[in-house]
Amino acid sequence: MKQIKPTLLLLAAVLLFSSAFAQTPSFTPKGSFSLDLGVPARPKNQAFERVLEGLLNAGVDYRYNVYKGLTIGAGLKYNFFTINPFAFNNNDIGGGMQMPGAYLHVGYEKFTTERVAFSFSARGGYSLLMAFNDSCRVVHDGQHINSTYFLEPQVEMVMLTDKNSEHGFSMVLGYALYFHQFQSEDICVSTISELLPENYEGITRYWSIGFGYRYYLGRK
């Protein structure tokens, strides 16, 4: 009996909390402007991971609340990676790759309290892959430009600065997939030492961890 009582009390507490949680009035915005800034982490394929280091994964968009938290929108995205000189055993090598793009957004956002919301979404679109370094300046007289489609699911927790505020800040976790298989030619070199053909297999992808800002429309 002693073992049953704590379980019953815990269950009762959960039910009471859930009931109070459900009765809490929450904000339903008409739409929002969103900005997120993250750092790319654990990129793949293996060649991409070895050659490039992520510095920035950013997006800005407008989201319209279609129906009870279902949102659609459109925005712009920008990524920046630098070349890792240790991949070439040459500390003097520099340059990088920037990835500007445009996307459509679809997601679901729910305010669970007056100040806290959770968002599950995906953004997908078209991006340029623009490499710049000394080799690209020689071979292409500037940047080497490629292009591809991308998809990035995201999970986000937003907290308003005040329960009556239009402003919110968030933590964002995303996983970006670029439907392009990174090759040495993407950075204007014929080969990269110590990399095997199988190291180039697989599309370009990476995790992104960062923060965001949201301005909500429809606050009365």
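Values in this text are rule-based calculations from the coordinates and carry no lab data. These numbers come from a predicted model, not from an experiment. Every residue, glycine among them, receives a Cβ derived from its backbone with ideal geometry; neighbour counts consider all protein chains shown.
How big is the dipole moment of the chain about its Cα centre under a simple scheme where the beta carbon of each Lys and Arg is +1, that of each Asp and Glu is -1, and everything else is neutral? Debye, nearest 20, please. Display every interim value, and only then the final one.
Numbers: 18 positive and 18 negative charges, 302 e Å.
The dipole magnitude comes to about 1460 debye.
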Notebook entry, point to check: Tell me, what ³J(HN,Hα) does each residue in segment 123-138 have, in order and in whole Hz, if you take phi through Karplus 6.51 cos²θ - 1.76 cosθ + 1.60 with θ = phi - 60° and put x for Gly and Pro?
Noted result: 10, x, x, 10, 9, 8, 10, 10, 9, 9, 6, 4, 5, 5, 5, 6
Next item on the list: Mark the label point 7 Å from the Cα of GLN46 along Cα→Cβ and return the residues of segment 183-217 whose backbone N is within less than 12 Å of it.
Entry: 194-202
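Once R0 is set to 41 Å, what does the formula 1/(1 + (r/R0)^6) return for the Cβ-Cβ distance between ILE145 and PHE120, expressed as a FRET efficiency to the nearest 0.05? Please report the intermediate quantities before stating the final value.
On the way: r = 33 Å, r/R0 = 0.81.
After rounding to 0.05, the efficiency reads 0.80.
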Next item on the list: Go ahead and set up a Gaussian network model of the chain, Cα springs under 10 Å, then flag whichever of SER34, SER193, SER119 fluctuates most.
Entry: SER193
Notebook entry, point to check: Which order do peptides 173-183, 68-78, 132-142 fall in by mean Cβ count within 10 Å, highest first?
Noted result: 173-183, 68-78, 132-142
Notebook entry, point to check: Semi-axes of the chain's equivalent ellipsoid from the Cα gyration tensor, sqrt of 5 times each eigenvalue, largest first, rounded to whole Å?
Noted result: 43, 22, 13
Next item on the list: With springs connecting C-alpha atoms under 10 Å apart, model the chain as a Gaussian network and identify which of ILE187, ILE83, ILE93 has the largest mean-square fluctuation.
Entry: ILE93
Item checked: Nearest-ten-degree value, helix 4-23 long axis tilted from longest Cα axis of the chain -> 80
